[in-house]
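Each remark here refers to the structure printed beneath this line.
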Amino acid sequence: MTLRAHPWLNALKVYTHPRVVGMLFLGFSAGLPLLLVLGTLSFWLSEAGIARATIGHLSWVGLAYGFKFLWSPLVDRLPLPLLTRMLGRRRAWLLLSQVCIALALLGMANTDPVVNLAHTVFFALAVAFASATQDIALDAYRIEAVETEKQGAMAATYQAGYRIAMITAGAGALWIAASVDPSEATYDFRPWQVAYTAMAALMAVGILTTLIIREPEKKVSSETSARETHARTKFAAAGLRGWPLAATAWLYSAVLSPFIDFIQRYKWQALLMLALIAVYRISDVVMGVMSNPFYQELGFTKDEVATVSKVYGVIMTIAGAGLGGLLVMRMGVMRTLFFGAVLSAATNLLFVWLAGRGHDVGALVFTVSADNLSAGIASSAFVAYLSGLVNQAYSATQYALFTSVMLLLPKFIAGFSGEFVDAYGWANFFTGTALIGVPVLLLVWLVSRGQGSGVGGQEKP
């Protein structure tokens with residue numbers, strides 16, 4: 001027994017590695033802003049009496065995460081004046097984005113949406129844009145900071161920190177607001193001001209971590225260097241000199257090469273893969289925008305939503321992610337991807353049942369637990385799938401492309417969710433979110449069929 005335990009005990013030592021530990025706090029910094037411009041903000045707006053259709057439209061601020069591939073080459077290659085020389089390329093962009101997030105959250109904290117909704121939207125957009133930039137820099141740091149065998153531990157601590165931050169930005173913000181709210185019956189701006197100011201202060205966790213960690217070494221493969229050198233030679237032969245040559249070569253290596261590489265490796269199947277990436281999380285994203293207004297209309301208080309949705313729900317997501325990782329090992333990526341898609345669509349139907357039950361905390365616990373467990377399984381499989389597609393020579397830009405494609409269509413459709421509920425009601429809305437997950441199953445089957453044994457030994461469902 002003792003001898004068998006040794007390999008596992010040795011493996012656990014990776015979690016004491018300074019960079020692995022640091023990812024826990026960087027993951028917290030990455031996860032904190034998300035709910036503050038989506039779920040928590042929608043609860044605030046709903047309590048403030050903002051129309052459902054408007055809340056749905058305002059979810060489009062999340063599209064900043066969907067378009068981050070557009071400026072990911074800048075984060076990947078562009079040095080920041082002074083900061084890059086002092087901190088290094090990755091830490092400079094991390095620090096800049098984290099400071100911008102904190103300042104924009106303070107802006108939200110000091111703007112009442114009832115008095116000036118436009119200002120609230122502006123600061124929410126600033127938070128989303130800076131947060132998406134932090135994600136780009138953090139993904140690049142994570143990939144470059146440690147060897148391949150430590151990437152699993154880096155991802156695990158990142159997810160743990162991220163989920164803790166989601167509890168903080170969801171349950172924590174609601175609890176803070178509730179603790180200083182004189183009455184749940186009427187809207188008061190001050191509780192939300194206090195809550196968002198506290199969230200801005202918590203960005204200090206990421207800022208301090210960025211100042212403490214070491215900059216990773218720059219690693220460029222010989223294949224990447226050869227590709228970029230060959231392109232530069234061709235541009236020079238075409239007559240380019242000086243800054244036009246440097247600018248053209250930079251655009252090719254930073255912007256075009258990651259996309260060319262993906263198309264060259266997968267050819268026509270790349271389009272099918274991008275289609276799957278674009279719709280895989282569509283059921284959860286579209287449904288998620290309206291979940292907090294749904295709870296609020298059923299009469300659940302901030303404390304109830306915080307306890308059930310933002311604590312138990314996140315805990316079940318972590319459990320689902322762990323189960324998803326185990327299923328990937330036992331069943332393969334594509335089978336787990338298919339299973340996760342089935343669960344994500346099916347559990348949305350539980351919200352139809354909850355709509356009929358009304359204010360029933362037990363039913364809320366069951367529904368949220370099942371929904372988040374399935375989301376954790378699906379997310380774990382999806383991250384494994386995306387990781388198998390990335391060429392590490394272009395990891396930051398390609399990963400940004402994949403995650404952007406993942407969010408664009410679902411976020412766009414989610415913007416009309418409030419109008420759909422107004423027109424057809426909650427039951428039809430949740431049934432519809434389940435049905436739009438059905439085409440995902442076909443795409444998973446087609447992609448796995450085309451890949452055969454697939455990337456990284458992935459199997460057919």
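The dipole here belongs to the chain: it is taken about the Cα centre, uses +1 on the Cβ of Lys and Arg and -1 on the Cβ of Asp and Glu, and is about 1780 debye. Averaging the Cα positions of each part gives two centres, and for segment 171-209 and segment 356-423 these lie 25 Å apart. Using θ = phi - 60° in the Karplus curve 6.51 cos²θ - 1.76 cosθ + 1.60, the 3J(HN,Hα) couplings for segment 431-446 round to 5, x, 5, 6, 5, 6, x, 5, x, 4, 4, 5, 5, 4, 5, 5 Hz; x is entered for Gly and Pro.
In a fully extended conformation the segment linking residue 422 and residue 360 would gain 20.0 nm over its present Cα-Cα distance, using 0.36 nm per residue.
Using the Karplus relation 6.51 cos²θ - 1.76 cosθ + 1.60 with θ = phi - 60°, the per-residue 3J(HN,Hα) values for segment 170-177 come to x, 5, x, 5, 5, 5, 4, 4 Hz, with x marking Gly and Pro. Multiplying the residue separation of residue 211 and residue 246 by 0.36 nm and subtracting their alpha-carbon distance yields 9.4 nm. Scoring 58-67, 187-196, 129-138 by mean Cβ neighbours within 10 Å over their residues and listing the highest first yields 129-138, 58-67, 187-196. In this rough spin-label picture, where each label sits 7 Å from Cα along the Cβ direction, the residue 349-residue 435 distance is 1.3 nm.
Taking the inverse of the mean reciprocal distance over all distinct Cα pairs, the Kirkwood hydrodynamic radius of segment 15-216 comes to 17.4 Å. Determine the gain in length on full extension of the stretch residue 118-residue 197; use 0.36 nm per residue of separation and subtract their C-alpha separation, reporting nm with one decimal. Working it through step by step, the gained length comes to 26.5 nm. Computed from the alpha carbon positions, the gyration tensor of the chain leads to an equivalent ellipsoid with semi-axes of 36, 27, 23 Å, biggest first.
Taken one residue at a time, the phi angles of segment 281-286 give Karplus couplings (6.51, -1.76, 1.60, θ = phi - 60°) of 9, 5, 4, 5, 5, 5 Hz. Gly and Pro are set to x.
Where a number appears in this text, it was derived from the coordinates with a stated rule and is not lab data. Just so it is clear, the model here is predicted, and its values are computed rather than measured. Neighbour counts are summed over all protein chains in view; Cβ atoms, including those assigned to glycine, are modelled from backbone coordinates with ideal geometry.
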